[in-house]
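Here is the structure we will look at.
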Amino acid sequence: MKKRVLSLMRPTGPLHLGHMAGALNNFVKLQNDEDYECFYGIADWHALTSNYADSANTGEYCYAALLDWLSVGLDPEKSPLFIQSHIPQHAELALALGMITPLGWLYRNPTYKEQLENIRDKDLGTYGFLGYPVLMAADILLYKASLVPVGEDQSAHLELSREIVRRFNNFFGENLLVEPQPLFTKTPKVPGIDGRKMSKSYGNALQISESAESVWGKLRTMMTDPARMRKTDPGTPEKCPVWDLHKVFNPDEAEKAEIAQGCRSAGIGCIECKKKLNAHLQEMLEPVRERRAKYEGNKKLLDDILADGARQAGAVARETMATLYPAMGLLMNPAR
Ligand code: TRP
Ligand code: SF4
């Protein structure tokens, strides 16, 4: 029996190399491992929990995420790729789980408290936002997934899912729902082009879909160690954001040692150093661009992939709900 893996990502617009080096490469690795059966979804309802006042781009962002996923190597032949709202059982199960989830669990959720305090430009005092982890639990439990690859920031949510399972099973029947285990992705800290963490909101990202020219354009104009005014000034790699990127994206240890030494001794210029980094990034992104070209602009193909994903995910979802209705004492619609 293959272990079932499931994860969703909120559609937030074009994804960047931080997403690729963290979550997405891991999704691909799990997909290509014979021991696992993977389902990957785009959490458009979750996007609305905080962006309901400005949600017009959600659909467009779903396509952008799907394109990025396909271009990094997620394969719809191996893993169903679906949009959360296309499978109504996500919303249906979230409602059912909401019946038994104590409000205290949700109010005490550290992510909830933290975001309420820190996000000032949105009104997050809504039922939907409070219920974010209930919907996330529904995403997971609907598929009886045993492993959920997520970042460490999701650990409180995963724990809530597990508590919801125990309480639900207590009321309605042992072994009805399965307790999921988190599979924490070791995410390398990916710096942006300004040395801070790569993030859409900092405007310092290199996109997965970035063209070769644009990648080089961004690298070329990057700040370096300010001590290197001239090529003859020695520098300190540890003070340079270009070096931070080498550390993550340059796999050639010997070359990296040479660069660090060359920087300290003023034996290598910053442009040459950036060109070497550029070569590694382009080599990594070339197959990504090739895959992307097969899908880009082909809406019909993307829609077929989503329809197929929804069909496969929907079959599992319907089966789960069919066991839950009688357990909860509800009559299943005979016509369904
Ligand atoms: N909350 C997750 C995040 O922000 C996204 C998510 C929604 C998710 N549903 C999920 C992740 C189910 C794993 C499983 O990253
Ligand atoms: Fe940065 Fe490279 Fe220039 Fe050193 S040589 S300062 S690491 S860009």
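Any chance you could count how many residues in region 167-182 are buried (at least 18 other Cβ atoms within 10 Å of the Cβ) and part of a strand (DSSP E or B)?
Total satisfying the criteria: 1.
Here are GLU117, GLU60: which of them is under 25 Å from LEU306 (Cβ atoms) and of a type in the set (D, E, K, R)?
Sole residue among the options that is under 25 Å from LEU306 (Cβ atoms) and of a type in the set (D, E, K, R): GLU60.
Can you tell me which of (1) of a type outside the set (S, T, N, Q); (2) assigned to a helix (DSSP H, G or I); (3) within 13 Å of ligand 1 (Cβ to nearest atom) is the one PRO149 doesn't meet?
(2)
If we scan region 319-330, do we find a residue that is of a type in the set (S, T, N, Q) and surrounded by 17 or more Cβ atoms within 10 Å (Cβ to Cβ)?
Yes, there is a match, as at least one residue in region 319-330 is of a type in the set (S, T, N, Q) and surrounded by 17 or more Cβ atoms within 10 Å (Cβ to Cβ).
Of the conditions (1) closer than 30 Å to TYR63 by Cβ; (2) open to solvent by 60 Å² or more (accessible area, probe 1.4 Å); (3) assigned by TED's automatic domain parsing to the domain that holds ALA317; (4) not aliphatic (A, V, I, L, M), TYR202 satisfies every one except a single condition; which number is it?
Evaluating TYR202 over (1) closer than 30 Å to TYR63 by Cβ; (2) open to solvent by 60 Å² or more (accessible area, probe 1.4 Å); (3) assigned by TED's automatic domain parsing to the domain that holds ALA317; (4) not aliphatic (A, V, I, L, M) leaves (3) as the failure.
If I ask for residues that are touching an Asp or Glu at 6+ places or on another chain (Cβ under 9 Å), touching a residue at least 12 places away in the same chain (Cβ under 8 Å) and not in a loop (DSSP other than H, G, I, E, B), which ones from region 183-230 would you list?
PHE184, PRO191, GLN207, ALA212, LYS218
What's the total number of residues in region 217-230 that are open to solvent by 60 Å² or more (accessible area, probe 1.4 Å) and either under 19 Å from ARG292 (Cβ atoms) or among the hydrophobic types (A, V, I, L, M, F, W, C) (or both)?
2
Which residue pairs have Cβ atoms closer than 8 Å, lie 6 or more positions apart in sequence or on different chains, and pair a first residue in region 259-272 that is β-branched (Val, Ile, Thr) with a second residue that is more than 8 Å from ligand 2 (Cβ to nearest atom) and in a helix (DSSP H, G or I)?
So the pair list comes out as ILE259/LYS276; ILE268/GLU258; ILE271/ARG220.
Any idea which residue in region 1-26 is farthest from ligand 1 (Cβ to nearest atom), counting only those that are open to solvent by 10 Å² or more (accessible area, probe 1.4 Å) and small (Gly, Ala, Ser)?
ALA21
Just to be sure, is LYS276 near ligand 2 (Cβ under 10 Å from one of its atoms), open to solvent by 50 Å² or more (accessible area, probe 1.4 Å) and within 30 Å of LEU24 (Cβ to Cβ)?
yes
Where the second residue is in a helix (DSSP H, G or I) and more than 10 Å from ligand 1 (Cβ to nearest atom) and the first is in the same structural domain as PRO180 (by TED's automatic domain parsing) and over 7 Å from LEU183 (Cβ atoms) and lies in region 140-153, which pairs have Cβ atoms under 6 Å and are six or more apart or on separate chains?
LEU142/GLN89; LEU142/LEU93; LEU142/ALA317; LEU142/THR320; TYR143/VAL316
So PHE249 passes all but one of these: (1) closer than 21 Å to MET20 by Cβ; (2) among the hydrophobic types (A, V, I, L, M, F, W, C); (3) surrounded by fewer than 13 Cβ atoms within 10 Å (Cβ to Cβ). Which condition number does it fail?
(3)
Which pairs do you get when a residue that is within 15 Å of LEU48 (Cα to Cα), found in region 113-126, comes within reach of a residue that is exposed (fewer than 14 other Cβ atoms within 10 Å of the Cβ), reach meaning Cβ atoms under 6 angstrom, with the pair 6+ apart or on two chains?
none
Residues in region 27-58 that are closer than 29 Å to PHE129 by Cα, surrounded by 19 or more Cβ atoms within 10 Å (Cβ to Cβ) and in contact with a Leu (Cβ under 9 Å, 6 or more places away or on another chain): how many?
Qualifying residue count, region 27-58: 12.
Pull out all pairs, ordered by first then second residue, where Cβ-Cβ is under 9 Å, the residues are six or more apart or on different chains, the first lies in region 233-251 and is closer than 16 Å to GLY192 by Cα, and the second is small (Gly, Ala, Ser) and within 16 Å of ligand 1 (Cβ to nearest atom).
Qualifying pairs under 9 Å: VAL248/ALA21; PHE249/ALA21.
Scan region 225-268 for residues that are of a type in the set (Gly, Ala, Ser) and out of contact with any helix residue (DSSP H, G or I) (no Cβ under 9 Å at 6 or more places or on another chain) and jot them down.
ALA254, ALA257, SER265, ALA266
Which helices (runs of 4 or more DSSP H) sit wholly inside region 231-304 and have at least 2 residues that are among the polar types (S, T, N, Q)?
So the answer is 270-295.
The values are calculated or read from the model by the stated rules, or taken from the named source; none is laboratory data. Everything numeric in this text was worked out from a predicted model, so none of it was measured. We place every Cβ from the backbone using ideal geometry, glycine too, and count neighbours over all the protein chains shown. What goes into the accessible areas is simple: the full protein's heavy atoms, side chains included, and nothing from ligands, DNA or RNA. Shrake-Rupley method; radii C 1.70, N 1.55, O 1.52, S 1.80 Å.
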